[in-house]
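Down below is the structure, laid out as structure tokens.
The values are calculated or read from the model by the stated rules, or taken from the named source; none is laboratory data. Every value quoted in this text rests on a predicted model; they were computed, and no experiment measured them. Quick reminder, even Gly has a Cβ in these numbers, built from the backbone with ideal geometry, and neighbours come from all protein chains shown.
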């Protein structure tokens, strides 16, 4: 059996990426693969416009069409439906955040071996509106809470970290990544957690399933198993 590495791009300001974290971790449980978590900074304003509200949800300014507002409102309704099923809190953001610093924090966390703890803290606190992901001191505190040695973090942010983030973005552009979560397997991109069953199918075809990994693929694709399918939350 030959193991593989799956590149998976996420952005901490994406609620859909937040919902994808737990399902994505099952790939390493069910298949002989390793996940290479990478930051992808979404340019949300370019396709959904921008807006900012105060603590009372009063609109301070906006640059969105009626169509874009409908998409945004539906997106939050949709993610909350799934979040409620899993006991997660997702509160609408008050502005479009620049998540590049949190992404650099992810790269630092990877090097420190604390990616999982860092990511869990960032996602939970950010979507409760308890975390400023644009504040370097705050991100350093999260890294420390996750178990990282943060002595070199400030230097990493101002130098190597920014270069590393740009390199990740350039590589993502080569693959054609445009949103999150996105998995890249052998150069093929799969966007959205609804594509995770297809990734499972590919991994099974490559002979990478551990134990009942093949059975789980068949549950996701009932026409292969002849049974009832299951949802992929």
Check: Does residue 119 meet the test of being in a helix (DSSP H, G or I), under 24 Å from residue 91 (Cβ atoms) and in contact (Cβ under 8 Å) with a residue 24 or more places away in the chain?
Finding: yes
Note to self: Suppose the filter is modelled with pLDDT of 95 or more and either out of contact with any strand residue (DSSP E or B) (no Cβ under 7 Å at 6 or more places or on another chain) or surrounded by 13 or more Cβ atoms within 10 Å (Cβ to Cβ) (or both); does residue 220 pass it?
What the structure shows: no
Notebook entry, point to check: How many of the residues in the range 133-179 are touching a strand residue (DSSP E or B) at 6+ places or on another chain (Cβ under 9 Å) and under 27 Å from residue 94 (Cα atoms)?
Noted result: 5
Item checked: Criterion (modelled with pLDDT of 95 or more, closer than 13 Å to residue 193 by Cβ and assigned to a helix (DSSP H, G or I)) met by exactly one of 17, 83 -> 17
Notebook entry, point to check: Is at least one residue of the range 44-62 assigned to a helix (DSSP H, G or I) and modelled with pLDDT of 85 or more?
Noted result: no
Next item on the list: Considering each of 193, 210 in turn, give the residue that is surrounded by 17 or more Cβ atoms within 10 Å (Cβ to Cβ) and touching a residue at least 40 places away in the same chain (Cβ under 8 Å).
Entry: 193
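Residues are listed down the side, and each one gets a yes or a no for (1) modelled with pLDDT under 95; (2) surrounded by 16 or more Cβ atoms within 10 Å (Cβ to Cβ); (3) in a helix (DSSP H, G or I):
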position: 93; (1), (2), (3): yes, yes, no
position: 102; (1), (2), (3): no, yes, yes
position: 109; (1), (2), (3): no, yes, yes
position: 124; (1), (2), (3): no, no, yes
position: 151; (1), (2), (3): no, no, no
position: 166; (1), (2), (3): no, no, yes
position: 177; (1), (2), (3): no, yes, no
position: 197; (1), (2), (3): yes, yes, yes
position: 204; (1), (2), (3): yes, yes, yes
Check: When you go through 139, 133, 183 one by one, which is the residue that is modelled with pLDDT of 95 or more and assigned to a loop (DSSP other than H, G, I, E, B)?
Finding: 133
Check: Is there a residue in the range 28-36 that is under 16 Å from residue 126 (Cβ atoms) and at pLDDT 90 or above?
Finding: no
